[in-house]
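Before any comments, here is the structure.
What follows draws every value from the coordinates through simple rules; no lab data is involved. Given the structure is predicted, the values throughout are model-derived calculations rather than measurements. Cβ coordinates were reconstructed from backbone atoms using ideal geometry, including for glycine residues, and neighbour counts include every protein chain displayed.
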Amino acid sequence: MDIDKIKRILPQRYPFLFIDKIIEFEKDVRLTALKNVTVNEEYFKGHFPAIPVMPGVLLIEAMGQAAIIFLNLNNESDFDKPDSPDIYYLCAVKARFLHPVKPGDSVIIDVTPVKLTKNSGIIKAVAKVDGREVARAELTGAKQR
Amino acid sequence: MPKIDVQTLEKELRSIVAEITEVEPEKITLEANFVEDLGMDSMMALEVLASVEKKYNLKIPEDYLMKVTNLSNLVEIAKKFLKEK
């Protein structure tokens, strides 16, 4: 799935759209997304001027965006309808950061459902660079609170 | 799965609830209301259900989310699904 379709699902835009491509989607099972990290990212100006490292919270954001795409594809949202797609609010995060992500890294994010309901869900996300796990998290989100 | 007695089940479920609500286990009596007494919200309830499913390898349907109002009925629900397993 390319960036045009991603933009129809995610309301986020530059500089806050953190998914470039969807590599794979299997209903009820998983979604694999790609985020290419370039040296031109806004946040590298300040985080940090001498040592560019992708902020962990933004890795969580990328995982959250991948999770929103998964949930929308899973619910078979009709993207041409005015109230679609579904927006999910992040309620809780359990995360672990294992390795810094730097310019030039291709971050592969795998999301799998832990528990899904009509209006909410718990999603497990694993981020890898060159096959090595850089972060993992469990995200809880709901359509409304 | 080996059969677990009710006391162990109650103790294990209490520790799941304690971890998610961040309330001390002693305050989680069988009758303490999850929402009013322990400050649980719907997302925490979902996390409790997901943890119970993971721990005992169960599948608990979404309808049971609203029925989990205190430890006593969480134990009953877990018992019911453990028996059906």
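What longest region of chain B stays clear of GluC sites (Glu not before Pro) that DSSP places outside H, G, I, E and B and that have at most 12 other Cβ atoms within 10 Å? Walk me through the intermediate numbers first.
Working: sites that count: B:GLU22, B:GLU31, B:GLU36.
Longest gap between qualifying sites, sites excluded: B:37-85.
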Could you let me know the centre-to-centre spacing of segment B:65-81 and segment A:73-113, using Cα atoms, in angstrom? 31
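Starting from 0.36 nm per residue, how many nanometres of slack lie between A:ASP2 and A:LYS45 once their C-alpha separation is accounted for? Could you put the intermediate results ahead of the total?
Numbers: separation 43, 0.36 × 43 = 15.48 nm, distance 2.76 nm.
Difference between extended and current length: 12.7 nm.
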Residues in segment A:34-64 reached by a label modelled at A:ASP130 [backbone nitrogen below 15 Å; 7 Å Cα→Cβ]: A:37
Could you give the nm distance between label points at B:ASP5 and A:ILE87, where each point is 7 Å from its Cα heading toward the beta carbon? 5.3
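How about segment A:37-145: which GluC sites (Glu not before Pro) there are in a DSSP loop, with at most 14 other Cβ atoms within 10 Å of their Cβ? Kindly include the intermediate steps, with their values, before the conclusion.
Details: sites: A:GLU41, A:GLU42, A:GLU61, A:GLU76, A:GLU133, A:GLU138; in loops: A:GLU41, A:GLU76.
Passing sites in segment A:37-145 are A:GLU76.
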Label-to-label distance, nm, for residues given as A:HIS99 and A:ASN75 (7 Å Cα→Cβ offset): 3.5
Residue-averaged [θ]222 nm for chain A, counting only DSSP H segments that reach four residues, each worth -39500 (n - 2.57): -5500 deg cm²/dmol
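Based on DSSP loop calls and a cut-off of at most 14 other Cβ atoms within 10 Å, the longest stretch of chain A free of exposed chymotrypsin sites (Phe, Trp or Tyr not before Pro) is what?
On the way: sites that count: A:PHE16, A:PHE79.
Longest run free of exposed loop sites: A:80-145.
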Taking a crude spin-label model, label points 7 Å out from Cα along the C-beta direction, the B:GLU53 to B:LYS67 distance in nm is 1.5
Residue pairs, from the table A:LYS45/A:LYS81; A:LYS118/B:LYS27; A:LYS7/A:LYS143, whose Cα atoms sit over 29 Å apart: A:LYS45/A:LYS81; A:LYS118/B:LYS27
What angle, in degrees between 0 and 90 and rounded to the nearest 10, separates the Cα long axis of helix A:56-74 from the longest principal axis of the Cα atoms of chain A? 30
